[in-house]
Amino acid sequence: MSSSFKSNDHAVQSIDAEGNFPISVEDMESAAKQAMPAPAFSYIASGAGGEDTARKNTDAFKKYSIIPRLLNDVSNLDTSITMLGRIYPNPFLLAPIGVLKLADEQGDLAVARAAANSNVPFIQSTVSSYSIENIAQAASGSSKWFQLYWAKDEEISFNMVKRAEDAGYEAIVLTIDTITLGYREKDLYHRFSPLAQGYGQGNFESDPVFLSKLEEIHSRTIVESIVDNINYPALDWEHVKELKRRTSLPILLKGILHPEDALRAIRYGVDGIIVSNHGGRQLDGVISSIDALPEIVKVVDGQIPILFDSGVRRGIDALKVLAFGADAVLLGRPYVYSLAAGGEKGVERFLANFLQDFQTSMMLSGVKNIEELRQMKIVNM
Ligand SMILES: Cc1cc2nc3c(=O)[nH]c(=O)nc-3n(C[C@H](O)[C@H](O)[C@H](O)COP(=O)(O)O)c2cc1C
């Protein structure tokens with residue numbers, strides 16, 4: 001582990017004097033690679049094991065094609081959706097991504113502000129670099145959700161959920177695929193753990209319940225206790241039931257890949273699910289998210305919202321996800337690359353480009369709104 005490691009505080013270099021910023025996700029990724037120390041870039045970009053699932057996530061999109069309907073006056077597009085009783089102007093959210101200070105000193109604060117300015121809800125990670133309250137203040141009035149990694153000492157989890165509730169967050173996303181960290185060969189090679197270096201403790205160092213459980217408060221014990229707490233292989237459906245009892249916010253489960261688990265989520269009263277394999281960072285060898293989606297849509301049959309992530313890189317990918325019948329799409333790595341390459345402005349630029357790409361794709365597919373999009377014909381050929 002390199003003790004001289006520094007977060008990326010030279011980010012704005014990638015926006016030049018004329019305001020140019022990479023447009024394609026591949027160029028954004030290259031700019032991020034240049035802007036960051038190799039272990040940090042690799043932490044963001046890589047997947048678990050031999051990275052087959054990470055590769056499949058993006059490759060699998062290419063198998064599917066949509067069949068457009070034309071001559072359908074698309075001069076007035078409506079990209080809004082109604083989900084969990086609220087209207088969202090776009091069918092997109094920013095996926096929860098921890099340790100964002102790795103990419104830019106302002107980390108989650110920059111992302112939350114850019115998301116707010118772009119009308120895209122931000123899902124804050126448990127292991128964010130800044131606290132719930134800091135982020136709520138930095139982007140007040142905007143739509144925010146909180147992602148929970150269950151803590152072994154569950155009073156810590158319940159207190160974080162309460163803090164999110166008090167700060168006006170709109171939903172809780174319980175991530176169920178990270179009961180222990182995936183076997184990430186590149187991070188092992190680099191001996192790199194951003195959590196161990198203190199990049200993910202914003203919510204913990206500000207949590208009175210967490211702090212009250214520490215015998216001695218110094219950064220080493222904070223880090224050890226975070227790692228110990230979020231490693232929790234005992235997580236099961238009873239915890240979901242308990243979480244439901246403890247909060248009035250809607251609960252979504254993130255990491256569903258099996259149709260039976262989707263149905264079980266409904267039986268347990270969960271408010272929504274996120275079809276995701278964590279960007280291929282957890283178990284290498286699992287199905288790509290887009291391949292898992294159609295069967296889940298079929299069994300859920302509109303009973304609860306289905307959100308999706310893993311592998312969305314362009315507007316057309318999002319279009320395919322919605323055409324399969326999902327309700328909303330989470331954007332992941334691309335926004336982290338844009339943060340590393342251009343700070344807050346970079347994230348804004350990426351989101352503006354992505355929304356434009358998506359709207360152009362909608363128009364050229366001949367659909368005026370998201371309901372029409374969800375009925376669109378999509379084939380595997
Ligand atoms: C660097 C990094 C950190 C992440 N941290 C979290 C996290 O703290 N909580 C979580 O639920 N998911 C986390 N994820 C997973 C994302 O929420 C999302 O599932 C994934 O990025 C989707 O894959 P894609 O980015 O390749 O599209 C992380 C992903 C990356 C790349």
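None of the figures in this text is laboratory data; all of them are computed from the coordinates on show. All values derive from a computational prediction rather than experimental measurement. For neighbour counting, all protein chains shown are included, and Cβ atoms are generated from backbone atoms with ideal geometry for every residue, glycine included.
Some observations on this one:
- Residue-wise HN-Hα coupling along region 291-300, computed from phi with Karplus coefficients 6.51, -1.76, 1.60 (Hz; x: Gly, Pro): 6, 7, 5, x, 5, 5, 4, 5, 6, 5
- Residue separation of L263 and S65 scaled by 0.36 nm, minus their Cα-Cα distance, works out to 68.5 nm of gained length.
- For region 284-381, applying the loop criterion from DSSP together with a ceiling of 10 other beta carbons within 10 Å to the GluC sites (Glu not before Pro) yields no site.
- Residue-wise HN-Hα couplings along region 234-244, as the Karplus relation 6.51 cos²θ - 1.76 cosθ + 1.60 with θ = phi - 60° gives them from phi, are 7, 4, 8, 5, 5, 5, 4, 4, 5, 4, 4 Hz; Gly and Pro carry x.
- Backbone phi angles across region 163-168, fed through the Karplus curve with coefficients 6.51, -1.76 and 1.60 (θ = phi - 60°), yield HN-Hα couplings of 4, 5, 4, 4, 7, x Hz in residue order; Gly and Pro are listed as x.
- Looking at the chain alone, DSSP beta bridges between its own residues are antiparallel in about 25 percent of cases.
- Each label was represented as a point 7 Å from its Cα along the Cα-to-Cβ direction; for R246 and A234 these points are 1.3 nm apart.
- Free of any trypsin sites (Lys or Arg not before Pro) that DSSP assigns to a loop and that have at most 12 other C-beta atoms within 10 Å, the longest stretch within the chain is 192-381.
- Overall form of region 271-372 per C-alpha gyration tensor (a/c, 1.5; a/b vs b/c): oblate
- Basic side chains Lys and Arg get +1 at the Cβ, acidic Asp and Glu get -1 at the Cβ, and with that the dipole of the chain about its Cα centre reaches some 600 debye.
- Taking 0.36 nm per residue of separation and subtracting the Cα-Cα distance, full extension of the segment from L181 to D166 would add 2.5 nm.
- Applying a threshold of 30 Å to the alpha-carbon distances of K33/K152; K254/K345; K33/K254 flags K33/K152 as lying beyond it.
- Remark on the chain: Rg and Dmax equal 19.8, 69 Å (Cα only).
- Ellipticity at 222 nm from helices only: DSSP H runs of n ≥ 4 in the chain, each -39500 (n - 2.57), divided by the residue count, give -13000 deg cm²/dmol.
- Fully extended contour minus Cα-Cα distance, from K213 to A196, at 0.36 nm per residue: 4.2 nm
- Near K254, the amide H atoms lying under 5 Å from its own belong to L174, T175, I176, I274; only residues 5 or more places off or on other chains count, and H is placed 1.01 Å from N.
- Förster radius 25 Å - calculated FRET efficiency between Q34 and N72, Cβ distance, rounded to 0.05: 0.05
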